[in-house]
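The values are calculated or read from the model by the stated rules, or taken from the named source; none is laboratory data. Only a predicted model underlies this, so the values are computations on that prediction, with no experimental measurement involved. Cβ: placed from backbone, ideal geometry, glycine included. Neighbour counts: every protein chain shown.
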Amino acid sequence: MTSADPPRAAPHAAMIFKVMGKAEWQAARRLGRYDGSPDDRRDGFIHFSAGEQLPGTLAKYFAGREDLVLLAVETAALGEALKWEPSRGGALFPHLYRALEAHEVTREAPLALSPAGTHRLPDWVGVRL
């Protein structure tokens, strides 16, 4: 790996997360795979977040949405197609350069809104908003 190559994995992130609409995930489950959102397809990869990045991702892209589901995926299952690349503020974000197979999702949960309008993450994520 040269200095120009992005790191392939962050040693602290055994689990990454994808946020999407419930209907979008239901359609992907029927197909057995998720090929990405329109933004993902435009960018050529599926955008994920590490746990500590979820609050910023939810606030920036999903504020106020009540129809969301959170998916958890183990990074080890994604192999060489997972790359960690600079994004928001220079932070390394996980990007998947192939479809996400439905069987690779290890956990899922709906994302409810709090009375203050922020999303509530499940306790198993280990991050508070």
List the residue pairs whose Cβ atoms are under 9 Å apart, where the first residue sits in region 61-79 and is more than 19 Å from Y97 (Cβ to Cβ), the second is assigned to a loop (DSSP other than H, G, I, E, B) and polar (S, T, N, Q), and the two are 6 or more positions apart or on different chains. A63/T118
Taking the residues in region 43-53 that are in a strand (DSSP E or B) and of a type in the set (A, V, I, L, M, F, W, C) as candidates, determine which candidate is nearest to K83 (Cα to Cα). I46
Identify the residue in region 95-118 that is among the β-branched types (V, I, T) and part of a strand (DSSP E or B) and, among all such residues, is farthest from R29 (Cα to Cα). T106
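Residues are listed down the side, and each one gets a yes or a no for (1) touching a strand residue (DSSP E or B) at 6+ places or on another chain (Cβ under 8 Å); (2) farther than 21 Å from R128 by Cα:
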residue: E52; (1), (2): no, no
residue: F62; (1), (2): yes, no
residue: A102; (1), (2): yes, yes
residue: T106; (1), (2): yes, no
Those residues of region 97-115 which are surrounded by fewer than 13 Cβ atoms within 10 Å (Cβ to Cβ) and closer than 17 Å to A14 by Cβ amount to T106
Can you tell me which residue within region 80-129, out of those that are charged (D, E, K, R) and either at pLDDT below 90 or touching a Leu at 6+ places or on another chain (Cβ under 6 Å) (or both), is farthest from G36 (Cα to Cα)? R128
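Residue-by-condition table, conditions (1) part of a strand (DSSP E or B); (2) surrounded by 13 or more Cβ atoms within 10 Å (Cβ to Cβ):
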site: Q26; (1), (2): no, no
site: R41; (1), (2): no, no
site: G56; (1), (2): no, yes
site: K60; (1), (2): no, no
site: A63; (1), (2): no, no
site: A72; (1), (2): yes, yes
site: L78; (1), (2): no, yes
site: F93; (1), (2): yes, yes
